[in-house]
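Just below is one structure, and these are the notes that go with it.
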């Protein structure tokens, strides 16, 4: 049984306990969508009109590093430059959605598969980026597997400038308009993993990547 089947079974048991059918009826879905459309949002902080600059400032405050390129074709050279400048391996795993880019000419050895225990670099895209918090919104799927953002020590993410939105509310609104529902796993990544549980000393890479580098694509 995969996790989607397990989740559906859990939801079905909850609905049965409420004396409701196993799956949501069409009118229930419509009622939920109507509520979301009419429900007023709570107060939100002021936001600069320059969402890219705001996102960069917030992301860098979270120990994320940034580079900007004009087009998607410039992503592999930017990735290679970052890895080499930091003494990191140019061998990586990546989402299959990035397969069409010319990684080989840039000197990167990229395999398009889920990471294993010895993979040190993971390269992904993102669903969108949140200017308010500097976080990436990641939605899992067969070609956008979450493990590439969590297991390797270094996470490189490709961020189209057109996918930077103001706040989390806008990210969820974009999800509803494009996908209709949440993916099996929706994660928000805000810089390298960290903890200060031990003597209040900040440690990066405690339960995920040691470093996160974003390549913002201005023309995408």
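Values in this text are rule-based calculations from the coordinates and carry no lab data. Only a predicted model underlies this, so the values are computations on that prediction, with no experimental measurement involved. For neighbour counting, all protein chains shown are included, and Cβ atoms are generated from backbone atoms with ideal geometry for every residue, glycine included.
Structure values in brief
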read-out	value
Ellipsoid equivalent to the chain - semi-axes via the Cα gyration tensor, in Å	33, 22, 19
Diffusion constant of the range 39-88 at 20 °C, which comes from Stokes-Einstein with the Kirkwood Cα-pair radius and 1.002 mPa s, µm²/s	157 µm²/s
Ranked 52, 10, criterion: other C-beta atoms within 10 Å, fewest first	10, 52
Degrees between helix 26-38 axis and first principal axis of the chain (Cα, 0 to 90, nearest 10)	60 degrees
Cα-based convex hull, the range 120-161, per residue volume (Å³, whole number)	68 Å³
Rounded to whole Å, sorted largest first: equivalent-ellipsoid semi-axes of the range 1-53, Cα gyration tensor	35, 18, 10
Shape category assigned to the range 69-120 from the gyration tensor of Cα positions, a/c cut at 1.5	oblate
47, 139, 72 arranged by Cβ crowding within 10 Å, fewest neighbours leading	47, 72, 139
Distance between the range 123-159 and the range 68-98 - C-alpha centres, whole angstrom	14 Å
DSSP-defined antiparallel bridges as percent of all bridges, the range 1-153, nearest 5	40 percent
Highest-MSF residue in the chain out of 77, 209, 45 [GNM, Cα springs under 10 Å]	45
Between helix 75-85 and the chain: long-axis angle, C-alpha atoms, 0 to 90°, nearest 10	60 degrees
Least to most buried among 155, 168 (fewest other Cβ within 10 Å first)	168, 155
Crossing angle, helix 3-17 versus the chain [Cα axis fit, 0-90 degrees, rounded to tens]	20 degrees
Fraction of alpha-carbon pairs over 17 Å apart in the range 1-120 - percent	76 percent
Distance in nm between pseudo-label sites at residue 186 and residue 68 (7 Å out along the Cβ direction from Cα)	2.9 nm
